[in-house]
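The values are calculated or read from the model by the stated rules, or taken from the named source; none is laboratory data. Predicted model, so just to flag it, every value in this text is computed and none were measured. Backbone-built Cβ (ideal geometry, glycine too); neighbour counts: all protein chains shown. Ligands, DNA and RNA are excluded from the accessible area calculation, which covers all protein heavy atoms including side chains. Shrake-Rupley method; radii C 1.70, N 1.55, O 1.52, S 1.80 Å.
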Amino acid sequence: MDTILITGGAGFIGSHVVREFVNKYPEKKILNLDALTYAGNLENLKDLEATENYEFIKADITDAQAIFDIFEKHQPIGVIHLAAESHVDRSITNPLEFVMTNVIGTVNLLNAAKHIWNGNFEGKRFHHVSTDEVYGALGDTGFFTEETSYDPHSPYSASKASSDHFVRAYHDTYGMPIVLTNCSNNYGPNHFPEKLIPLCIHNILNNKPLPIYGNGKYTRDWLYVIDHAKAIDLVFHEGTNGGSYNVGGFNEWQNIDLVKELCAQMDEKLNRTAGTSAALITYVKDRPGHDLRYAIDATKINKELGWTPSVTFEEGLSKTIDWFLENKQWLENVTSGDYQRYYSQQYK
Ligand code: NAD
Ligand code: DAU
């Protein structure tokens, strides 16, 4: 059985990618490598525990020897790399942790793959999952294309940009077969409630303030997480060697409008009087170095590989809220303990 190793598979996006691959490729073994940080949660994959072609390994990608040993033992023919520190606000408080995981961790994986593939790259692939934040910030118009120059502003995006450069360097220097995807903001089931949408869902349920940074006019391009997982599947299997693909929903929302839409849907689903949730909106201190606007031009992946988002934002948001309402225990579990400490520090 060929093995595909997926890193960060216990996280938000990774868990959807693992499920997509386990179900779609029963003839392949899917190995999920994750350190189970605060953001990793095996509850996200409970439904796959007994599945024959799925295996979980707890390991830290910053531990070069452990990563070498796992590659030696399992001999993966493909790597899909999602493990990362992923939250911009945390990167502002603790940049070094982002360098360690996102940069050093990525180089450790590249070294291990290079070592076991040993120049025999036939049928091999290293897929690096990156972000649109590497391109920096847009003004009121325009889109990021695959040719847009990198211009990261936060420690998070700087670490992701650095890792992207290393992945390309291993292609150019050693011939490593690589692909990259640079995706916009994801949302959906299992989203960790430090990020805007699940944080607001959690706070609405608990009648807590909905913190909007600055004037709320910052703009993001939102994509339903399962559409991202399907894009990764397509690019991993059919993307051009050495190439990169932007992935996005052509779905821009100013934060304040998005939160108002979320409030309206929540009021309806919770049978609350219209306006109840919106009354919780509270403007708070801005994020330092806050990027004004991200917007992805996803023409290349659409034209070359036929990928297109499957749901509208309103549908995706409705499904997402339903998932959180049906999984209140999940939300309670991930917001106990450390989360409370993080929350009171971030929003003091
Ligand atoms: P997440 O924070 O929800 O999950 C990250 C996962 O990586 C967790 O399971 C965590 O335990 C694991 N991890 C962290 N450090 C590790 C280490 N040292 N060793 C092994 N595992 C480790 O992140 P996410 O939102 O699912 O993002 C996944 C990837 O997609 C990241 O690379 C991120 O940069 C990228 N991305 C995210 C978005 C988004 O909107 N969330 C958009 C574009 C790209
Ligand atoms: O664009 C892709 C990126 O999207 C990913 O690479 C990151 O991993 C992911 O975290 C996300 O980054 P953002 O910083 O855009 O996501 P976040 O949900 O943190 O914030 C979305 C917007 O909402 C942003 O403009 C900041 C704002 N915001 C966020 C929080 C947490 C608020 O106004 N209040 C908040 O409490």
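Sequence gap at least 6, Cα distance under 8 Å: using those rules, report the relative contact order of the range 105-157 to the nearest whole percent.
Across the range 105-157, relative contact order equals 30 percent.
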> In nm², what is the average projected area of the convex hull enclosing the Cα atoms of the range 184-230?
Replying inline: 3.7
> Using a basic spin-label model with each label point 7 Å from the Cα along Cα→Cβ, how many nm lie between Asp63 and Asn118?
Replying inline: 2.5
>> So with the 1.4 Å probe, I'd like the accessible area per residue for the range 187-332, rounded to whole Å².
In response: 40
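State the percentage of accessible surface on the range 1-85 attributable to carbon and sulfur atoms; use a 1.4 Å probe and exclude ligands, DNA and RNA.
Ligands and nucleic acids excluded, carbon and sulfur reach 49 percent.
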> Of Lys28/Lys58; Lys46/Lys319; Lys46/Lys328; Lys319/Lys348, which ones are farther than 25 Å apart at the Cα?
Replying inline: Lys319/Lys348
>> Could you tell me the calculated FRET efficiency between Tyr213 and Asn271, based on Cβ-Cβ distance and R0 = 35 angstrom, to the nearest 0.05?
In response: 0.70
> What does the charge count near Tyr339 come to, summing +1 for each Lys or Arg and -1 for each Asp or Glu among other residues with Cβ under 11 Å from its Cβ?
Replying inline: -2
> Per the Kirkwood definition applied to all pairs of different Cα atoms, how many angstroms is the hydrodynamic radius of the range 50-101?
Replying inline: 13.3
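Given contacts defined as C-alpha pairs under 8 Å and at least six residues apart, what's the relative contact order of the range 31-132, whole-number percent?
Rounded, it is 31 percent for the range 31-132.
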> In square nanometres, what is the average projected area of the Cα convex hull of the chain?
Replying inline: 16.5
> For the range 144-257, which whole percent of the accessible surface, found with a 1.4 angstrom probe, sits on carbon and sulfur atoms?
Replying inline: 51
> Given a cut-off of under 8 Å on Cα pairs at least six residues apart, what relative contact order in percent is computed for the chain?
Replying inline: 17
> Which angle between 0 and 90 degrees, to the nearest 10, do you get for helix 105-117 versus the longest principal axis of the chain when only C-alpha atoms count?
Replying inline: 30
>> With angles folded into 0 to 90 degrees, how steeply does helix 155-174 sit against the dominant principal axis of the chain? Use alpha carbons for both and round to 10.
In response: 20
> Across the range 20-79, how large is the tail of the calculated P(r) beyond 12 Å, expressed as a percent of all Cα pairs?
Replying inline: 71
> How much length, in nm to one decimal, is gained on full extension between Arg168 and Glu261, taken as 0.36 nm per residue of separation minus their Cα-Cα distance?
Replying inline: 29.5 nm
> Rounded to the nearest whole Å², what accessible area per residue is found for the range 1-83 with the 1.4 Å probe?
Replying inline: 41
>> Quick check: the distance between the Cα centres of the range 184-211 and the range 48-84, to the nearest angstrom?
In response: 30
>> Angle check, please: helix 64-74 long axis (alpha carbons) against the longest principal axis of the chain (alpha carbons), in degrees 0 to 90, nearest 10.
In response: 70
>> Counting C-alpha atoms alone, how compact is the range 135-227: give Rg to one decimal and Dmax as a whole number, in angstrom.
In response: 16.9, 54
> So how far apart, in nm, are the two label points at Arg287 and Asp151 if each is 7 Å from Cα heading toward Cβ?
Replying inline: 1.8
